[in-house]
1. Mind checking the alpha-carbon convex hull of the protein assembly as shown and giving the volume per residue in Å³?
2. On the first, second and third principal axes, largest extent first, how far apart are the outermost C-alpha atoms of chain A in Å?
3. Using the count of nearby Cβ atoms within 10 Å as a rough guide to exposure, how do A:SER230, B:SER142 rank from fewest to most?
4. Just how far, in whole angstrom, is the stretch A:67-113 from the stretch A:199-236 if you go by their alpha carbon centroids?
5. In nm, one decimal, shortest first: how far is the label point of B:GLY2 (7 Å from Cα along Cα to beta carbon) from the matching points in the other copies?
6. Place the peptides B:319-328, B:268-277 in order of packing, highest mean first, counting for every residue the other Cβ atoms within 10 Å and averaging per peptide.
7. Give the nm distances, rounded to one decimal, from B:LYS324 to the matching residue in every other copy, measuring between label points 7 Å along Cα toward the beta carbon; shortest first.
8. Subtracting the Cα-Cα distance from 0.36 nm times the residue separation, let me have the gained length for A:ALA284 to A:GLU321 in nm, one decimal.
There are 2 protein chains.
Amino acid sequence: MGLIVQKYGGTSLSDPEKIRGVARRVIRSEEEGNRLVVVVSALGDTTDNLMKLAHKVSARPAEREVDMLISTGEQVSMALLAMAIDDLGHPAISHTGTQLEIITDSTHTKAKILDINTKRIKDAIKAGKIVIVAGFQGVDLSQEITTLGRGGSDLTAVALAKALGAEVCEIYTDVEGVYTADPRIVPDAKKLDVLSYEAMLELASLGTQVLQSRSIEVAKKFDIPIHVRSSSTDKEGTWISKEVRAMEDVLVSGVTYNEDEAKVTILDVPDRPGMAAMIFRRIAEADINVDMIIQNVSKTGIGRTDVSFTVVKTDLEKTMEIMKQVSDEVGAKGAVADDGIAKVSVVGVGMRSHSGVAARMFEALASVGINIEMISTSEIKISCVIRQEDAKEAVRVIHKRFELGKPIAKPS
Amino acid sequence: MGLIVQKYGGTSLSDPEKIRGVARRVIRSEEEGNRLVVVVSALGDTTDNLMKLAHKVSARPAEREVDMLISTGEQVSMALLAMAIDDLGHPAISHTGTQLEIITDSTHTKAKILDINTKRIKDAIKAGKIVIVAGFQGVDLSQEITTLGRGGSDLTAVALAKALGAEVCEIYTDVEGVYTADPRIVPDAKKLDVLSYEAMLELASLGTQVLQSRSIEVAKKFDIPIHVRSSSTDKEGTWISKEVRAMEDVLVSGVTYNEDEAKVTILDVPDRPGMAAMIFRRIAEADINVDMIIQNVSKTGIGRTDVSFTVVKTDLEKTMEIMKQVSDEVGAKGAVADDGIAKVSVVGVGMRSHSGVAARMFEALASVGINIEMISTSEIKISCVIRQEDAKEAVRVIHKRFELGKPIAKPS
């Protein structure tokens, strides 16, 4: 019998009828001869609603208490799913991160998994039970509850698949797989049948929300096949794995955008060695991840430069507080925030070796008069920061320019 | 500095503004020179709403999973209160029952506290923190989450007061203390300034909802003073303690009623020794508490009798399942349930030695044509089962008959 780790997202669990539907699906997988470990996210908008409550009682909720608060969401889901499975006549048992000993470091709201004790799960499987696990949460060595950051349930699922030696990690969601672009924005977007870890990693980090970036990194590291599929059909979704030969032929596999970031600019930083190091060291110390960084050339004659970078919006307030201090320390003229930006990206394989990919993207944007504010490129992606209100049009025009809506041969 | 355990119920925490109000009250107590341990219930109707969800996904939710589910309510409260206190500039830290090691037995949904490890609380107090604790929940020796039954947060508070050697356990609620009857039903009901553990115990077990019965038993056993008071005023509430001398003079201290019970009658039980033992042994094995038991005299000539008893409505379904089997086993004619009853009770001191108390109660009910279905008496209470629709009128007429609305001298 094979062991499968399944993960169900909040949209697949948003009401009692959907929960019962997931229960039936889990049982069907078991009856096909598999042993099942099921990771759940919080129901529907639970996490967002809890965060709204937090901000009503506190201007800056303490992060330790945020973890205490939002980890309840997954605990509710897991108990309801276990009840629903049990009610259909199959024994099921749920576990919190604390009970399973999903050991993390102590960085509240974005902890990293250090270790998972699989004894409790293995015992439950041996006893013939379907094992339900609260995603997104762990516990540090002082018994403090931690959470893994946005999309953390994906990471829980992949880490468990690794720890248990599962055959596959199935990620159930409300779409049928990974698309060349968001089908709500680009009607002729195509579902990808297969995708490399690398390409998925770029798509995820650039805004495709079906899978969290860190979970893909872990899957890549330990070579765990991921199957992204819909919880409402039986169709095959998108397989993500190491060797995707046919991918070599596909230059650009998708277009995506992201409105979660904000741009911060520190004005008139003295153009001396060590300034950038000083700025980004302080941000790193606050556990804030910076995405794109642009330093303009020195302004003629005055030996000063502007430094811009992007952070996720939820870190913006904290970042700006740090920037106020840092700006004084380095003798800059202050910092300004801009949360009206979007980042649009194309992702593929070997872009640098195919000349003209960047040019085609810029031409596409120019053809509809969209201004580019920042650019960053890597081996497998090109991203442009533009105005947020232009994002959807940008995705459509780029998708069309690269002819991603045309049929491609199914890779062998 | 004195140590105070405070407990806030769900109605005191039903919205963000009330949570901030509780935070200010906690801080005021601290600024008066006390060290604070604060136990919280779930916000407003959270527990009921979670149970409704459970019943939508499962006809008979597994009790282990019920505990997983409903224990999240208190975890949400504690995190929000800790954030709110922190936001007002006082360090606070919340704890789950698992983290504190509030060790219980393994009887899910009505576990008993076995031990509390106070190290974590003491360390937090030493570090100058206000300690927030999730009420109602504990953990068994296998790391399984348990809950303590309805009103269990009161028990958490009293047990912590004992374990920490607190000066007093303050129970904050939405009324100003314990009354001679529910003021919503009897407008001239009076607040009691002091009350003995025994009288409070009867009032609680008979339907007065300000304090859970088991919490009073523990307070009585360890002589912990309880102060029941309002979270919206600074008025003194009702003190509950061992020696209440003036109480000796007060024959009846309150009238209360309870609509939470249902009556079960087993029909035509053979009137032989051991029948009752067999019936109630089976109920006890299912961890169901029986309240009143009435066995009628044998029906003339046929050697059979009806046995009636009351259980809380939440146990009714389970009880009826057991009764169906037991009825066959003892050769009875089946069991019938009646959930349209109420129990109305008078509570006081030395009732048996004051003749006529029972008679006055029965007269009061008869004067408005209310029929009595079951009666039970003890040293300090008399209870009558009547139709549920008559309950409020019964409370009013009894309160008047015993002249409980008249002023009494404040006890010394």
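All of the numbers you see were taken from the coordinates with simple rules; none came from a lab. Not measured: the values here are computed from a predicted model. Don't worry about glycine lacking a Cβ; one is built from the backbone with ideal geometry, like all the others, and counts go over all protein chains shown.
1. In the protein assembly as shown, the Cα hull volume divided by residue count equals 193 Å³.
2. Projected onto the principal axes, the Cα atoms of chain A cover 77, 52, 34 Å.
3. Details: A:SER230 16, B:SER142 8.
The most exposed by this proxy come first: B:SER142, A:SER230.
4. One Cα centre to the other: 21 Å.
5. 6.7
6. B:319-328, B:268-277
7. For B:LYS324, the inter-copy label distances come out at 6.8 nm.
8. Taking A:ALA284 through A:GLU321 to full extension adds about 11.9 nm, to one decimal.
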